[in-house]
Amino acid sequence: MAKKELEEYKTYRPSAVPGALGIGALAAGAAYVGRRRIPFLKELFKISKSNAPKPPLQSQVPKPLDKVNETITTAQTPTAQSIELISRTPPAIQGARSDYRATLDLVQANSIKLPLSQGSGKGRFGSSLYDWIAQHPSMKPLPAKIWADQLKKSQPLSQFKSNQPGFQNIKMNVSRRELEDANIAVFGPKDELIGGFLKTAEQANMNVAKTDLLKMVINSPSVNLRVKRFEYVNDAPQLVEPIVIDAQRLLRKFYNKISIQQPPPGGTVGAGNKFFTDKNRLLNKLQSGMDDLQLSMGQINASARQNFTGMDSIKSNVDDVATQIHHVKTLIPKIQDEITAAGLAPIKGAEEAMELNRKILSVQRKLAAEAKLGQSPRYGVGENKTYAMYGDQKYIEDVIYYPKKIPYGRNVPPQHYDELVNGTKLENQIYHARYGLRTVSGPERNRAYVLHEAQSDVHQKAYDAMKRYPDKKRINPFNTEAEFGQASAAIDNIWNKMKVIYNKPMPTYADRMELRRLRELGDELRKNTVNASNIAQKVSKRSDNTIPFLPMIERDVWGDHLIKHLAKSAADDGVKWIAIHPVERLHAFKRADKQAGAIGKLGDFEFYGTATGKAGIQGVKAYSKKQNKAIPTPYRKTAVLPERMIKLAKQYNSEARPIMISKSDPDLPWKVVVSHSARTGTDARMLGFRKPIDEHLIAFKTEAEAQYYLKEISGVSNAKILKLEANDPRLYSEAFGLKITPDMLEKPFKLYKKEGGLVVDLFKW
């Protein structure tokens, strides 16, 4: 739209004026009209008597569930605060119009200077929709239809770019899914406006200001997502091993000091023999103690790595390790007592023993805190072995969730990650991701976060509910306070128009008809939008409580967010790559579904992809839930997650390609390995393997540790022990990866991918 045309729109008047302002004016005016006893305004007077509307306010952000791992802040930025001030301040108090224009200029300038950050320059993710609105040329409110027409046109949106350094390659397109999730606009298959705030504003014939839309973006659920990380804060083997080494060193000191002692001169007959007898007995005990410590170290490490690499869930917790190190704490005092009882010369070691005890106490406290924190992983690899690969150097579970209360009591109960510490609930979970730390082959010894699996329980629940209730709609409860604000301002406007007609000396028939029309419009607004209870009833009638609403419902949309989240987590932690365990090694192989001649599920192929990033393997059929039969996998097509990695690489000067990742920790050479046959007819052969598939269960520093684990802990009968050095090619397998660049650390990611939100087959998975 030309600038001249934009300037023709009437003077700005915030449409999000507090409800009490609009309704207060209406009430006073209606009372005035009532005193003049104009019968046909009786219904309007009813509007004035309605309770002052209470907008469905978004609840405040609760205190972080864990201060350490809350990685996305939802605190208001200075820009957001200024926007809120503008939208809540009556025109009479706002000051000169130039001040308002200056504020909008500042919002626009910040958006240009600090893209994808809602004008703050902070955050992992940002909204391109916010930037598009902030940089829109209009400084005056526009009719809702104009906003809708511009937002539905693909060409202007596709041409929206940033010229800031490092952002030139980023696709700044506004996604229709973001418009829908923010409840700003919903477009139908023919590009018609069918829902959202702009639809309500259009029906009310209201103009919409930039501040209205910017505030809705800031309050949208996707902008306010958070991450809850479940991981072991303390690495038990690294904590315990130095203690055992110190204990061995102290026992060796005792042994050496005792071995050179001689009986005191002038002793009684036979005293020398008793001295040497006690001395040898004590030396043997010290040697046995050192041997026991060495064995114990192996046992402790075996048990600790079992727990702390995600092979077991929190049910196999840190108490096991704490119990095993307790005897180290009691061993030294016992030895010292026996030295005294044997009549040997005292050996100075009390201070060292006390220091050792202090270290042990510190470790015990750390391990106890580990259990008390309640942020250990909930689902270990061992308990979910068909959904994950063994061999992680570190194991992590992340939950992406919406931290506020959803209006109208529409909070989604937790499923996989239900109860946290102190009975608190992690509601409104979007998806969770389970991944582990591994090493990338090469002289740099770079590390990679490698994805096992990801699930969205809430969206699966929504799919199931929509199939079960086809007559029900998935209603967006977010940002309905904006609808309230529009209605409030509209009623205020209605009253002003009615007062103009009333003040005419001789109202015409047309005037009386216009008053009737205005009365009916006011009544309609009151019924549908003025009271929060009305809106709540509307939501309840049009939807079903079994159909939850949270953003990013399509799998490729939240999958895009998943890849970006993993990239940000890797960048934050100094990890150089992210990768995906290929479907042929994990999802299709370990969860092989041979139903109807298929191996694996088609959705897994299309989502996770193969080691080369493809959505299938030539000659391999997978089970399609939609078609209820085995169909050829699309081996020429790029899978969802690899495709997002390729897009991200182009935007952030990176590379996405197959890489070689470790099957277990290269620094621990002794491996416990399970080998899967690739003979004809096996799952491995059907997936294209010609050699056996080796899966490393766990790795250790010593053979003794590996043996203890295999015999005493694992319960695996077909495993074997192999020694593989860090440069052995048998230690690595192929996976599709994305290299992490400095730009990924320093610059925010766009919340939504370019496509999405118009025509989507929600049930294709």
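The values are calculated or read from the model by the stated rules, or taken from the named source; none is laboratory data. All of these numbers come straight from a predicted model, not from anything done at the bench. Cβ: placed from backbone, ideal geometry, glycine included. Neighbour counts: every protein chain shown.
Residue by residue, here is whether (1) modelled with pLDDT of 80 or more; (2) outside the structural domain of S569 (by TED's automatic domain parsing); (3) at positive phi holds:
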residue: R438; (1), (2), (3): yes, no, no
residue: S441; (1), (2), (3): yes, no, no
residue: K473; (1), (2), (3): no, yes, no
residue: G485; (1), (2), (3): no, yes, no
residue: N496; (1), (2), (3): yes, yes, no
residue: Y502; (1), (2), (3): yes, yes, no
residue: T508; (1), (2), (3): yes, yes, no
residue: E514; (1), (2), (3): yes, yes, no
Return the residues of segment 731-750 that are among the aliphatic types (A, V, I, L, M) and within 21 Å of the chain's Cα centre (by Cα); say none if nothing qualifies. L738, I740, M744, L745
Out of the residues in segment 714-728 that are of a type in the set (G, A, S) and modelled with pLDDT under 90, which is surrounded by the most Cβ atoms within 10 Å (Cβ to Cβ)? S714
Across segment 586-608, which residue is modelled with the lowest pLDDT among those that are out of contact with any strand residue (DSSP E or B) (no Cβ under 6 Å at 6 or more places or on another chain) and either under 24 Å from E554 (Cα atoms) or not assigned by TED's automatic domain parsing to the domain that holds E453 (or both)? R591
Expected single match for in contact with a His (Cβ under 8 Å, 6 or more places away or on another chain), not in a helix (DSSP H, G or I) and not assigned by TED's automatic domain parsing to the domain that holds L426 among Y390, Y379 is Y379
Examine segment 614-630 for a residue that is touching a Lys or Arg at 6+ places or on another chain (Cβ under 6 Å), under 19 Å from Y395 (Cα atoms) and at pLDDT 95 or above, and state whether such a residue exists. no
Based on what the data block shows, is S441 closer than 28 Å to G574 by Cα, out of contact with any helix residue (DSSP H, G or I) (no Cβ under 7 Å at 6 or more places or on another chain) and among the hydroxyl-bearing types (S, T, Y)? yes
Is it true that some residue in segment 641-664 is surrounded by fewer than 22 Cβ atoms within 10 Å (Cβ to Cβ), closer than 20 Å to A726 by Cα and in contact with a Lys or Arg (Cβ under 9 Å, 6 or more places away or on another chain)? no
In segment 356-370, is there at least one residue being assigned by TED's automatic domain parsing to the domain that holds D278, part of a helix (DSSP H, G or I), closer than 30 Å to Q262 by Cβ and small (G, A, S)? no
Which pairs have Cβ atoms under 7 Å, sit 6 or more apart or on different chains, and link a residue in segment 728-754 that is farther than 19 Å from W558 by Cβ to one that is aromatic (F, W, Y) and modelled with pLDDT of 95 or more? G737/W577; K739/W577; I740/W577
Conditions (1) at pLDDT below 75; (2) touching a strand residue (DSSP E or B) at 6+ places or on another chain (Cβ under 9 Å) -> I396 fails only (1)
Sort out which residues of segment 101-125 are out of contact with any helix residue (DSSP H, G or I) (no Cβ under 7 Å at 6 or more places or on another chain), at pLDDT below 90 and outside any helix (DSSP H, G or I), and write them in order of number. G121, K122, G123
Within segment 222-243, tally of residues that are part of a helix (DSSP H, G or I), at pLDDT 75 or above and surrounded by 17 or more Cβ atoms within 10 Å (Cβ to Cβ): 4
What residue, among those in segment 284-300 that are among the aliphatic types (A, V, I, L, M) and surrounded by 15 or more Cβ atoms within 10 Å (Cβ to Cβ), is farthest from Q262 (Cα to Cα)? I300
Going by what's in this entry, would A678 be described as part of a loop (DSSP other than H, G, I, E, B), touching a helix residue (DSSP H, G or I) at 6+ places or on another chain (Cβ under 7 Å) and not assigned by TED's automatic domain parsing to the domain that holds Y608? yes
Out of segment 688-725, which residues are closer than 21 Å to F589 by Cβ and charged (D, E, K, R)? R690, K691, D694, E695, K720
So is E695 assigned to a strand (DSSP E or B) and closer than 30 Å to N301 by Cβ or not? yes
Suppose the filter is among the basic types (K, R) and at pLDDT 95 or above; does K711 pass it? no
Can you tell me which residue in segment 138-173 is nearest to K647 (Cα to Cα), limited to those that are of a type in the set (A, V, I, L, M, F, W, C) and assigned to a loop (DSSP other than H, G, I, E, B)? I170
Would it be correct to say that A134 is surrounded by fewer than 19 Cβ atoms within 10 Å (Cβ to Cβ) and either over 24 Å from the mean Cα position of the chain (by Cα) or not charged (D, E, K, R) (or both)? no
Flagged in segment 409-444 as touching a residue at least 12 places away in the same chain (Cβ under 8 Å) and within 15 Å of P377 (Cβ to Cβ), in numbering order, are H416, Y417, L420, V421, L426, H432, A433, R434, Y435, G436, L437
Output yes when any residue across segment 397-408 is under 16 Å from the mean Cα position of the chain (by Cα) and without any contact (Cβ under 8 Å) to a residue 40 or more places away in the chain, and no when none is. no
Say we look at segment 155-191 and pick out the residues that are under 13 Å from W132 (Cβ atoms), more than 25 Å from the chain's Cα centre (by Cα) and touching a residue at least 12 places away in the same chain (Cβ under 8 Å); which of these is surrounded by the fewest Cβ atoms within 10 Å (Cβ to Cβ)? S158
